[in-house]
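Worksheet: one structure, shown below.
The values are calculated or read from the model by the stated rules, or taken from the named source; none is laboratory data. No experiment lies behind these values; they were computed from the predicted model shown. All Cβ positions, glycine included, derive from the backbone under ideal geometry; neighbour counts span all protein chains shown.
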Amino acid sequence: MGKSVYELVTDRIIAELEKGVIPWQKPWTGVQSGAISGTTGKPYSLLNQMILGKPGKWFTWNQIQAMKCKVRKGEHASMVVFWKAQIVQETGSQTGEVIEKSIPVLRFFNVFHESQLEGYEPTETTQEAPTATDSTADAIIADYLNRSGVKLEHIRGDEAYYSPAFDRVVLPLREQFPDMAEYYSTAFHELTHSTGHSSRLNRLTSPAHFGSEVYSKEELTAEIGAAALLNHVGIETGKSFKNSAAYIQSWLRVLRNDSRFIVSAASKAEKAVNLILGQA
């Protein structure tokens, strides 16, 4: 029996981590739109950005044929995943009546990057990234705080956290951070947590003890969300703990134990990012 789509996705992410590449950071370094559909021009989802890992246009086999182009010999396809509704039948435990319901099923199709094609002139891969400014990031944060009602406090100390009970994000003072990139990375991480409040996306439904699956999944959701928001404002974090071997090994252990983990975390992160940007 072949691997499930979840397993194929997880294998791809694990392979990148084993090479020292953090997929939820790589696609957004200096390129705002990342991987896009060659026909619609729309960017792929956060999960597909991580799977593809390369900015530029991507095409299906049929689209390439329609353009009268060819895939260069020896090139391999990459996959793009999507959700498809599937009708299933269930028998009611009380009445015995057969009930039809629609459930989302993860599917995929293959695509090729524009650089893999013959007879096609690739576009410039140096897509214009946004100019990184503190004011842009601050405006996004202020707008989200105003719309959501989340409280943000800066306290001299060594803790950064989100408290669901008080609906409050606490950060150290700005001057305590080595640079502004690390400050905004931390701020966006904690604000992503805040989107899980019961009044918003309702992710934080049970206690998340350190080291538990619930805790790890929420942490990865916040990591992916923060990376996407940093890209949105054009901020690169450079070298930090989040590029370290220990950080990578910690996620490898989690992903090897649960093939659905990365799909779930990336989907939740995308909803969180859209909420923070006011696009939900």
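A few remarks follow.
- Among the residues making up region 156-171, those that are within 25 Å of residue 200 (Cα to Cα) and not hydroxyl-bearing (Ser, Thr, Tyr) are 159, 160, 164, 165, 166, 167, 168, 169, 170, 171.
- Checked against the criterion of being among the aromatic types (Phe, Trp, Tyr), crowded, with 21+ Cβ neighbours inside 10 Å, in contact with a helix residue (DSSP H, G or I) (Cβ under 9 Å, 6 or more places away or on another chain) and part of a helix (DSSP H, G or I), region 239-246 contains not a single residue that satisfies it.
- Residue 7 vs. criteria over 26 Å from residue 274 (Cβ atoms), among the charged types (D, E, K, R) and assigned to a strand (DSSP E or B): no
- Total residues in region 185-220 satisfying the condition of being surrounded by 20 or more Cβ atoms within 10 Å (Cβ to Cβ) and of a type in the set (Ser, Thr, Tyr): the figure is 5.
- Considering residues of region 56-88 that are outside any strand (DSSP E or B) and in contact with a helix residue (DSSP H, G or I) (Cβ under 7 Å, 6 or more places away or on another chain) only, the residue nearest to residue 100 (Cα to Cα): 75
- Against the test of being surrounded by fewer than 20 Cβ atoms within 10 Å (Cβ to Cβ), assigned to a loop (DSSP other than H, G, I, E, B) and among the acidic types (Asp, Glu), the options 159, 182 yield a single qualifying residue, 159.
- Out of 186, 205, 221, one residue alone is in the same structural domain as residue 147 (by TED's automatic domain parsing) and touching a His at 6+ places or on another chain (Cβ under 9 Å). It is 221.
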